[in-house]
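Peer 1: Just passing along the structure, written as structure tokens.
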Amino acid sequence: MFFSQAGARPRMWEASPSEHKKWVEVFKTCDEENKGYLSREDFKVAVVMLFGYKPSKIEADAVMSSVDLNTSGILLKEFLDIVRKKKEAQLYWNEIRHIFTAFDRHYRGYLTLEDFKKAFKQVAPKLSERIILEVFRHVSVFPGGTVIKNLPANAGDTDSSPGLGRSHMPRSN
């Protein structure tokens, strides 16, 4: 996704000159006919080149719906803004995953309330238990009262649920 699903916007991030240059080169490479813009298909190829995956129909639709009808595609300035936002979101989620992994000391893929309490005692020892409980409850609630960070793809299966009083974030390989 282009934007954070947690409700918080990732911090503003600026590309290095070499990264910016790479993005411009990808734009030019994907704009084979030198139209000055990327069509829907051109955009998909550019995302594959930069991020290693083909955007879904929903993602491509969202990007193309913001395109000026007079240009027929994504201009370089718009493309650079889209890529910067995508990179910000990617860095933001990597940071969240890193923090979660640090809290998940037993490598279970989920956090119990006790894990949460231990982690907060280390990073914020004066924080009240009431606030820690509120944070734990605020993460996200799955039907049945299970606290989950990100729903796994098979969240409807009973085996995929981490159980009551646990926070879950699927591991990446």
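The values are calculated or read from the model by the stated rules, or taken from the named source; none is laboratory data. As the structure is a prediction and not an experimental result, all values here were calculated from the model. Here Cβ is always computed from backbone atoms with ideal geometry, including for glycine, and neighbour counts include all displayed protein chains. Areas reflect the complete protein model, heavy atoms only, side chains present, ligands, DNA and RNA absent. Shrake-Rupley method; radii C 1.70, N 1.55, O 1.52, S 1.80 Å.
Peer 1: What tally of residues in the range 54-100 results from selecting those that are free of Cβ contacts under 8 Å to residues at least 40 places away in the same chain, farther than 14 Å from Lys44 by Cα and within 19 Å of the chain's Cα centre (by Cα)?
Peer 2: Number satisfying all stated conditions: 6.
Peer 1: One residue is enough: does the range 17-34 have a residue meeting the conditions part of a loop (DSSP other than H, G, I, E, B), under 12 Å from Ile74 (Cβ atoms) and of a type outside the set (Phe, Trp, Tyr)? Explain how you work it out, then say what you get.
Peer 2: Here is the first cut: in the range 17-34, the ones part of a loop (DSSP other than H, G, I, E, B) are 31-34.
Checking the rest, the ones that are also under 12 Å from Ile74 (Cβ atoms) come to 31.
From what's left, of a type outside the set (Phe, Trp, Tyr): 31.
Scanning the range 17-34 turns up at least one residue that is part of a loop (DSSP other than H, G, I, E, B), under 12 Å from Ile74 (Cβ atoms) and of a type outside the set (Phe, Trp, Tyr).
Peer 1: Quick one: in the range 83-106, which of the residues that are assigned to a helix (DSSP H, G or I) and of a type in the set (Lys, Arg) is modelled with the lowest pLDDT?
Peer 2: Residue satisfying both the conditions and the ranking: Arg97.
Peer 1: Of everything in the range 35-51, what is open to solvent by less than 50 Å² (accessible area, probe 1.4 Å) and in a helix (DSSP H, G or I)? Give them in sequence order.
Peer 2: Those that are open to solvent by less than 50 Å² (accessible area, probe 1.4 Å) and in a helix (DSSP H, G or I): Asp42, Phe43, Lys44, Ala46, Val47, Leu50, Phe51.
A quick yes/no check of all residues on (1) open to solvent by 60 Å² or more (accessible area, probe 1.4 Å); (2) of a type in the set (Ser, Thr, Tyr):
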{"position": "Tyr53", "(1), (2)": "yes, yes"}
{"position": "Val63", "(1), (2)": "no, no"}
{"position": "Val67", "(1), (2)": "no, no"}
{"position": "Asn70", "(1), (2)": "yes, no"}
{"position": "Leu75", "(1), (2)": "yes, no"}
{"position": "Arg84", "(1), (2)": "no, no"}
{"position": "Glu88", "(1), (2)": "no, no"}
{"position": "Tyr92", "(1), (2)": "no, yes"}
{"position": "Arg108", "(1), (2)": "yes, no"}
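Peer 1: If you take the residues of the range 110-135 that are among the basic types (Lys, Arg) and touching a helix residue (DSSP H, G or I) at 6+ places or on another chain (Cβ under 9 Å), which of them is surrounded by the most Cβ atoms within 10 Å (Cβ to Cβ)?
Peer 2: Among residues in the range 110-135 that are among the basic types (Lys, Arg) and touching a helix residue (DSSP H, G or I) at 6+ places or on another chain (Cβ under 9 Å), the one surrounded by the most Cβ atoms within 10 Å (Cβ to Cβ) is Lys117.
Peer 1: What do you reckon, is Lys44 basic (Lys, Arg) and in contact with a Pro (Cβ under 7 Å, 6 or more places away or on another chain)?
Peer 2: yes
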